[in-house]
Every structure is written in structure tokens, then in C-alpha cells.
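The values are calculated or read from the model by the stated rules, or taken from the named source; none is laboratory data. Predicted, not measured: the structure shown is a model, and the values here were computed from it. Because the Cβ atoms are built from the backbone with ideal geometry, glycine has one as well, and the counts that use them run over all protein chains shown. These accessible areas exclude ligands, DNA and RNA; they are computed on the full protein's heavy atoms, side chains included. Shrake-Rupley method; radii C 1.70, N 1.55, O 1.52, S 1.80 Å.
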Amino acid sequence: MLNQLEEIKQKAAQELEAVTQVRELESWRVRYLGKKSQLNGILRSLAILPLEERKKTGALANQVKASLEDSLKQKRQVLRETQLDTTIEKGHIDITLPGRPFSVGRLHPITQTLHEICDIFVSMGFQVVEGPEVEWDYYNFEALNIPRHHPARDTMATLWVDVESEGGERNMLLRTHNTAGDIRAMETMSPPIRVVIPGKVYRYEASDATHTPMFYQIDGFAVDKGITMAELKGTLYEFARRFFGEDRKVRFRCDYFPFVEPGVEMAIECLVCGGAGCRLCGNTGWIEILGAGMTHPRVLERGGLDPEVYTSFAFGMGIDRLPMLRYGIDDTRLFYSSDLRFLRQF
Amino acid sequence: MKVSLKWLEDYVDVTLPVAELAQRLTMAGIEVKGWQVIGSNWEGIVVGQIAAINPHPHADRLLLPTIALGTEQQSVVCGAPNLRLGDKVAFARVGAQLIDGHTGQVIRLEAVKIRGVVSNGMVCSEKELGISDYHEEIMVLPADAPVGTPLADYMGDVILDLDITPNRPDCLSVIGIAREVAALSGQEVHLPEAIYEEAAVPIDRQISVDIIAPDLCPRYSASLITGLKMASSPRWMQQRLLACGMRPINNIVDITNYVMLEYGEPLHAFDYHQIRGKKIIVRRAKEGEVLVTLDGARRALSRDMLVIADRERAVAIAGVMGGADSEVTEQTTAIFLEAASFDPASIYHTGNNLGLPSEARMRFERGISPELTIPALERATQLLVQLAGGKAAKGLIDAYPGKQEREPILLSTGRVSSLLGVDFSLDQIKGALTSLGFDCKPGGSASEVRVTAPYWRSDISLAEDLIEEVARIIGYDRIPVTMLSESVPRQDPEPILKLKQEVRHSLTGYGFQEVITYSLTSLELLNKLLPKPHPLEPAPLRMANPMTADQEYLRPSLRANLLAALSANRRHEEGGIRLFELGRVYLPRPKDLPDEPEMLCGLLTGPRFEQSWRGGEVSLDFFDAKGIVEGLLSRLGVEASFERCSDESLHPARQTAIAIEGKRLGVIGELHPKVLDAFEISGEVYLFEVNLMALLPLTIGHRPFQPISRFPAIVRDMALVVDSGVAHRQVQDIITSFPLVSQVIIFDVYSGGQLPAGKKSLAYRITFQSPSHTLTDEDVNKVQQQILDKLSAELGASLRG
């Protein structure tokens, strides 16, 4: 019987060696470890053996059984790994083929720029508000120190809505600048105030590579006790640093806008020539980015604020030029062309 | 405004190099846009004198002038018709750079033989020097031109091109700029002294002035000059006028223009003999009054316009344009010279209504000081006497009903530092202001000063105005850079901003490209949205002064421009297109600004995926549009229902209104084929449109969390047969009305085949789950039967066999 066990062990080992597929393992198991297997028969017949022999045979039979089970487990492991290796090998794909073309959507470059600018000012404590695009003469001009005959009106050619007031005057217009929202914000908020007003503005201007009748601006102002021009400078320099980069030189010069006093124009060193002078900057080395200044006392009064108590700064800039400068776009009309060949580049 | 540096040097010593001067002026608010150097390439060109003129031995038309150059002489061959012995000329030596009079090309002068005689240089025309296009004669220099001096030293110049802001009419003059230059470089201004001889007869015996409208004319000054000889003005004056962009005409007109450029005060010369009744009346125009102006146009005047009239009729539109009748002509020998001050608003309205821009009007509109009339008048009179042979009547006329004293402004160092954020001493403040001609008197305390602005600074009225003067003279770069120091104000972000951002990001996630179209559109484009034409209701807002016909109306919806954008892109884009715009539309309201709701409009058309090696080119359809809207709303935490609607621009059978809590706030549908035809678009196009202002209140707030059941779910499929007219929504509503149903998904819709006509099959996968216990098959069977009974009773549904 002991010989028989040794034979079983050897034969089983040989057969197991020959197995190459996982599915063949089961018949091997039934043959050598199943209920009807020779080994199982021996184990069952142990009871009838004399004690001494039973001990011996039993020990060996159990040893063989354990050994076969262990071999099976190892073989199964080996075969599984081989099988997975084959699967992986068969799973080869040409990864250079293009991916499935999901439609990709993008925000308009102006929207992207506005989000970026608003984020910068929001991080400095400014709140974003919006005003109407169709506006009264009062908010767009009158309240900003630009009465009807003021020459500054000529610099902002206006599109008028075809409705007349009871007095027969045109008084409804498409806002020519977002400063129109300043007085509205002053009327509804109380100091301290820090707001930026982004949005569309309109001018009576023929379209060309640098003009469109509609474009975007962002205006901003801060009102508090003790706001200074140094803080205006700080705010705008910080904006320029974050938008144009650490090394871009900034220039602050005197300029005139009826709703501020003193008035400021901020320019940055030309992005093309770096200040040496080129076509883009009109050979000046500087590119005008925005107008600003300390809010005129009469404008504060119109907004219901006492200029003896509060001071304020204000600034306003065109948005369209910024992506033009950043990406080297040479025709502002492209923004409103809806041309996908253009828009897909951003 | 263009200013000659040479001219500027008449009034102020220019001690700075041009680039530095330009930089200081620009920083101080007088923007120098650029400058042109005249004579920068005049190397080898000197002032010469014609010492002899000999005939050319071989050519009748050529002469051989000898040019004296001081220490030497040169002989040249010259064909100019105006060679005159003793004249001073510009002589170019061999090697000089010139402009070829015939070709316009830049050439380098060589010694050449002309018809056998060597020419050692050239006597130059204006064209050859690059001064003008004149090439018929050689340029003759004034008699006092120093022989032998390089021409660039004698008549080289720099022309500054300045951008003057509307608040500085005083800087629309050479003297005004000289004052700025003086203040910015620590120099003094020297004004010309106007001294001239007067005739015996006083002016007021020869003419009188009556201001009937003093509200529009605070001051009217005039002089009378007789015995004038009309001629060309001297070359130096012509050159200065040309340099400033004005065309020389004759000595009288040129002098008035010259003094306008010099002082900034517009002058007007009337032919004295054409003034009837020898009386000038400054009055409003009469109803129906007509004036033929200098340009020959007949101008109908209205009663709000100010005119200069004589006893019989208007002779000029005040400050805007003179009349043809009283114009200075070849025959003029006596002029009545006007220097007046007019109300800026009146000039603006009159000039605007008549559509007449002019140098004079531009200056009057900006509000020049009435104090300027006399100095300018005296200067012009002097020049007319000096240069046009005139005799000035004794005295001047000066009607000045609107004289106002300037109020001093109190300024303190504290006020300056609280506005600028930097401490300037009282001496610094006074120094800056004094350099500009402001009068500084002691204030109430040691930190205050009482400032009176000089008469030419009509823009100064407040302490803030003075602070700007101080800051710009000391320099804006002296103001420090500090961050806002106070605490951040309370923030109340507008909820619409967040909604817009979420909508934009969702749509780009669904593969939509954002576009921005003009808010202005045309009726023609809007009408393309109507399969059957009819007037738009309500009528869109119209512009009173549209720039072009295609930008005449404010858009009442985003559709038309978006469809036009799609159509334009179709010309170069195959494949799927998904566009959206998020922007305002403008809905008229009576006697108020229009309503400007923020709208979202999307268009989708073409294949769902681009052509790919993976295949499967399936077209986008209505349910893509609906799925996108459902997805968007679900992200916003809103559940919509979809109702029948009748939007005329959409396919009548393929459209639905988006309704939330009974409010309709948008639409989804396929574009009407006729609309697509009108926009020249082929293939089906799907549209969705949502009013974000209406949606906004529904997106605010938070839906409470739903606990996740711990108990297992049981899933059953149920294929039903119903009449074709039964809507999925009806079936779904019945199934979900049972409490144990946690989810219903329709996974198949089928008709035809073995199904009888008029029937369709709807297959649902229903998930049953209880929040409180494990369901058994029996539980689910029971509910499923109840569902079926109800569907059968209410919708006639049966299980598909």
C-alpha cells in the first residue's frame, strides 16, 4: 500500500506537470484528490488496517494528499499567471491612434480675460457688479461731469436709442463706458465700497482693425475715508504685475477724464519692442492700458457721498486689447466674428 | 496740435534735449505723440549768397551762378527761373543728401558735367530739401540769413505732435505750451511785446459794438486797421503755419491764424467796408434768418444760435464761421478785427447743428478765458501794422459785460497728502504752482496757502484741481505705491454672476464653443426667424443714429445672430457644430430703460462625434438638445417639466417649453425648416434657449440630502404595449407614484414589426427599494401587479407577450 501511495504521488506529479490549461486542473483534481480517487480509497480503507500499519499508511497517505494539494495550488498559480500574461500580450493596441473625438467647448477669449481680471480684483477685496447696457444720459454723462456741450462727449461718440424724453431730447443711449455704473453703485451701496463693473460698451464708430462698435470694459472704484492716489497706484500696479507679469514696467502719467481729479493714464512697457519703440506702440515704447484718477468731488456728491468725508479712486480699461496684446491678435473684429477657426485657438 | 520748437524758443529757453522734453511733457499730461526733425539730413547744406550769374556757354535755359559761402565760392549749373543776384539760398555741397526733384528719391549729390560745364553743388528747391513739394523755383532765404552757416542751424526745426486734453484750451497755443515747458524745466516765459503806432482817429468814432446777448458773449474786443496791402505773408510766418498744419493764404488771414496758434485766441477779420451801418451787434439769430458762410453754403439759422450782425444782417456765426459777404478779399484794405469770448455750450450746439468743425470752434468749445482777447488783439494788430502795411485806429473796442473776478482757493498740505498719499511741503506746493503762473498768498495757517489761478487756466476751480497741478509738476512718479490699507468691505456677490459662470462651464463641458455676437442687429436678420412674415411684437428698440443698416436694432433674442454665426461657419466647417452665447437681450418697456434679461441660447447640428476610425457617425438630434438642458438643470439642482408649446421659429412638432414650478423659462426644439432656409443652413439644427434671470431664483438654496438605503434593491424589467398616442411621461408618472419604486428608466421604444398598427412598446427598468427593510420577491411582485393594473386601467397598457 505504501508503494501504491508512492506510485500515486509520482504519477500525479507527472500528470500535473503535463497540464497546460487551467480547465484541465479540475479533472486532475478529481482523478487524484476527488471522492472516487485511489488516494481517497486508501484513506477510507485505513480503518480496516491493523494499528501499526494504519499509522504508517495513514501518515503517508495524508502526506501525499497534502503534497498533491500543495502542488495543485502552485500549479494553479503558475497557470493563472501564464494565462494573464497571454491576455496582456494579446491586448496590445496601437496607442498612436487618435482618441475618440469628444466635442471640446471653450470660453470666448474675452470671457476668459474678464474672468482672469475679475479674479485679480476680487482677491483685492473688490466685488463684481453689473449695470444696464442701455443707460440714461444722466448716468453715462451728466452725473460724471460731462454735461451736454462738454467736449469730452466728442471722444465718446454715442449711439442713441430712438426714444425721446418728454422735453423732446434724446436721453437714452448705449453706455459708452462702464463708469456709467459707478453712480448706480454709489446710490445702492454704502462706504466702504470696492467694486468692479465689467461688461459691454458701445461707440458710434466704424469697424476697423482696432475699432468695433461694441467692445468690453471693466471699471472699478473704491470709496472710503482716506483713500489715496498712492493706493490707486498700488492697486493698479498689483493688477499689472499679476496680469502682465513681474517684470513689465508700468508708467503713471497725468491725463484728463472729467470724472476724476487728479487724472491718470497707466501704460505698460510695449510687449513687442520692450520700450525701444515699434509700430504697435506708435514708437513711444509704451502701451496705454487704462485711465484712472481720484474720483471728482462733484461725482461723489452725485452718488450721494460727502467728498469732505470720503475720498475715492476710480479706473477703467478696455478689455479687448488685452488678449490682443497677449496673443498677438492684429484685428479686434475677430472677437465678434464668431469664427470657429479663431475661437478654437484659445 | 503741432508745435515748432523754434517758435517755442521765442518764448522760453528750451534747455532739455527733445526726448527729455517730450518725456516730461507727456508725464505732465501734455502727451507728445511724436516729433519730426526738420533738417536732420541736411549735412553739407549751407546758407549761400548768389555772388554772380553767368550765362551757360552751351545752353540757353541754364545759368552759371557763383555762390558765395563765406570763405569760399562755388560755381554751379542751374536752371531755376528765379535766380537773382544777391539772394540768399540753400546751397548743397557735393556729397550732400537731397531729394531728387523729379523722382522723389533720396540721392547723394555728385559733381557732374552739365552740357560741358562742371556743377560743384546745387542751389536747392523746397522739394529737394524735403520742406514741401514745391520744385518750380529755388528757395530764397530771408536777407538776414547768415552766409556760410549750416542750413540745419539756421532753419532746422523739431515739430512736436501734441495731444491736448479737452480741459486745456490754453495749451492749444504755442505760448501755452511754452508755459508748460517753463514750469517743467525751471525756466521763465517771455511774451512778445505788442507795440505799434496808432492813427489819430479813435476806433469808436468809426464803429461801435453792442452786445445784446451778454449771456452768450461775455466779452467782445476789436481793433480797426486801415490801409492794408493784401500780399503773401513773410516766409518765416508761412513756414511756422505749415509746420503747425495750417495752409498759408494771405498776410491778413495768416496773421489771424498765426496769433490764434500763438495765443490760443481765435480771431476773425471782417472787411470793414462791408459792415453796414458801421455797427456790430452781437445777438441771437432771428427766426428764418439765413447766412451764406465763407464756404459758400447757405445756412439756415435758428434762434438759439449766436450771430455777429451789422445794422442790416448777420455777418458771421459767432465763433463758428464767418459770412461770405464780409469776408476779407483781394480788394480789402481795411479790416475790423474781432477777438471775443463766447459761451462754450452755445458754440458747441451751433457748430454741431450746422456740422461745422473748425480750429476756432474747437478752442471756444473748450472754454478759453475772456481775458485773452486783448493781448491777442494787440499782437495781431501789431503784426498787421508791421507786416501788412496797415494803420491801426486809435484804441480798441472792448465790451466786457461778463467780467468775473477769480476766487482764490484755499489749499492745505493736509489736503494734498490726504488725496495723494504723500507729504509735500508747503514750499514744494507753492513752488509747483508758482512755476505755472499761479498766485500764492499766505493762507490762514502755516500749512495753508491761498491760490489764485492765472486767467488762462479756465479749468481750475477746486482744491483737487490744484492738487493735480502740484502732483504733475512734482511728478506722478513721486507718489508712492501702497496697497489698500483699510479692511475689505462687506461682500454681497450678485447671484447671477455665479449662475452665468456655472452655465458657461457646463456648456463648454458639453462641447459647446462660446461666441459673442453684436447686441445690435437688423430687422432683415430678425425677420428671417419668421416662417410667415409679420411685424415684430413688441417692436425691438431702434437706434436713432445707427452706424450701419445691419446694426440698427437692439436684439430681442440671441437667435438671429447665433444662426447667422452658424451659417457663416458652415461655409468652412464640416461636421458637428455646437455654439452658445450667453448675453443680454433688450426688451422695451414704456417710459423706462429696457429690460435686459441674461439669456442662454445654444445651437447644435451635425454628427455627435467627429468622423473617427472608431466609426459611428450618428447625428445630433432633439434628444441631445434636451439631454444637455436636463443635464445643465440637474447640475443647477433644478428639475424641469416639458410642455407643449408653439414657437413659430421651431419645427411645430419638435419643440417643447422648459417649465419649472409652472413658470416657462425656455424652449428646446428643432429649427423650422423655413427658418433654416432663410439663414441658408442645410441639415437639421437644434436650439435651446433659457432665460437665466427667470431661472436664477429657482437655483438659489440647497436641497436636503437623501439618505442612501442600506437595504438591497430589486430590479425588474417591464415591457408594455400602449396606444401610439400615450406619452412616456404618463407611464412614468404612474410608475413613480408607487412608494417602493426608487428609479424608473425607459430603455426601449419600439413600434412596427409584430406589434399591431397604432400600438407601440415601451420597456422600463424599475428599481424597487425600501428605506426600512429588505424587500422580498413577493413584496415586489405585489407592487408590480398593482402598477400594471393601474397602467392598464388608466392608459390601456398591457404586458408585451
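Some observations on this one:
- Förster-model FRET efficiency, 22 Å R0, A:GLN112 and B:SER634, C-beta, rounded to 0.05: 0.30
- Low-density loop positions, trypsin sites (Lys or Arg not before Pro), region B:555-615 - DSSP coil, at most 14 other Cβ in 10 Å: B:ARG571, B:LYS591, B:ARG614
- Shape call, region B:45-155: gyration tensor on alpha carbons, a/c limit 1.5: rounded
- With contacts taken as Cα pairs under 8 Å at a separation of at least 6 residues, chain A carries a relative contact order of 14 percent.
- Measuring with a 1.4 angstrom probe and ignoring ligands and nucleic acids, B:GLU524 comes out at about 130 Å² accessible.
- Cα gyration tensor category, rounded, prolate or oblate, for region A:109-343 with a/c compared to 1.5: oblate
- FRET E, pair B:GLU405, A:ASP208, Förster distance 30 Å, beta-carbon r, rounded to 0.05: 0.05
- Whole-angstrom gap from region B:561-624 to region B:258-295, using each part's C-alpha centre: 61 Å
- Cα-based Lys pair tally, region A:2-88, threshold under 14 Å, eight or more apart or on separate chains: 5
- Using only alpha-carbon positions in region B:730-801, the gyration tensor eigenvalues give semi-axes of 25, 12, 11 Å once each is multiplied by 5 and square-rooted (largest first).
- Cβ charges +1 (Lys, Arg) and -1 (Asp, Glu), total dipole of the protein assembly as shown, debye: 3920 debye
- Here region B:330-419 is assigned +1 on the Cβ of each Lys and Arg and -1 on the Cβ of each Asp and Glu. Its dipole about the Cα centre then comes out at about 180 debye.
- Separation in nanometres of the label points that stand 7 Å from Cα toward Cβ, at B:HIS102 and B:GLU573: 6.0 nm
- Global dimensions of the protein assembly as shown from alpha-carbon coordinates: Rg and Dmax equal 44.7, 169 Å.
- Between B:HIS702 and B:SER132, the modelled label-to-label distance comes to 8.2 nm, taking each label 7 Å out from Cα in the direction of the beta carbon.
- Shape call, region B:495-699: gyration tensor on alpha carbons, a/c limit 1.5: oblate
- On chain B, 50 percent of the accessible area sits on carbon and sulfur atoms, based on a 1.4 Å probe.
- Only beta bridges with both residues in chain B are counted; by DSSP, about 95 percent of them are antiparallel.
- The relative contact order of chain B comes to 8 percent, based on Cα pairs under 8 Å that sit 6 or more residues apart.
- Each Lys and Arg Cβ is given +1 and each Asp and Glu Cβ -1; about its Cα centre, region B:409-478 then shows a dipole of about 160 debye.
- The mean sequence separation of alpha-carbon pairs under 8 Å and at least six residues apart, normalised by the residue count of region B:495-699, gives a relative contact order of 21 percent.
- For B:LYS441 and B:VAL749, the difference between the fully extended length at 0.36 nm per residue and the C-alpha to C-alpha distance is 101.5 nm.
- Two-site label geometry, B:ILE195 and A:GLU52: point separation in nm, points 7 Å out along Cα→Cβ: 16.1 nm
- For the pair region B:761-801 / region A:89-110, the C-alpha centres are spaced 42 Å from each other.
- Angle of helix B:18-27 to the longest C-alpha principal axis of chain B, folded into 0 to 90 degrees and rounded to 10: 50°.
- Accessible-area value, B:ASP777, 1.4 Å probe, nucleic acids and ligands omitted, Å²: 80 Å²
- Chains B and A together bury some 8100 Å² of accessible area, summed over both sides, with a 1.4 Å probe.
- Taking 0.36 nm per residue of sequence separation and removing the Cα-Cα distance, the A:ARG31/A:ARG248 pair yields an extension gain of 69.7 nm.
- Average accessible area per residue (Å²) across chain A - probe 1.4 Å, nucleic acids and ligands excluded: 47 Å²
- Packing-based order for B:252-258, A:47-53, A:58-64, using average beta carbon neighbours within 10 Å, highest first: B:252-258, A:58-64, A:47-53
- In this calculation the C-beta distance from B:THR774 to A:TYR237 is compared with R0 = 56 Å, giving a FRET efficiency of 0.25.
- Accessible area per residue in Å² at 1.4 Å probe, computed on chain B: 46 Å²
- Comparing Cα centroids, region A:179-200 and region A:249-298 end up 23 angstrom apart.
- In units of the compact-protein estimate 2.2 N^0.38 Å, region B:353-438 shows a Cα radius of gyration of 1.72.
- In a DSSP loop and with at most 15 other Cβ atoms within 10 Å, the GluC sites (Glu not before Pro) in region B:392-475 are B:GLU405.
- Loop-located trypsin sites (Lys or Arg not before Pro) in region B:98-149 whose Cβ has at most 12 other Cβ within 10 Å (DSSP): B:ARG115
- Burial of 40 Å² or greater, region A:262-276 residues [accessible area, probe 1.4 Å, versus chain by itself]: A:PRO262
- Dividing the helix sum by the residues of chain B, where each DSSP H run of 4 or more adds -39500 (n - 2.57), gives a mean residue ellipticity at 222 nm of -7500 deg cm²/dmol.
- Taking 4.7 Å between beta carbons as the limit, the unpaired Cys residues of chain A are A:CYS118, A:CYS254.
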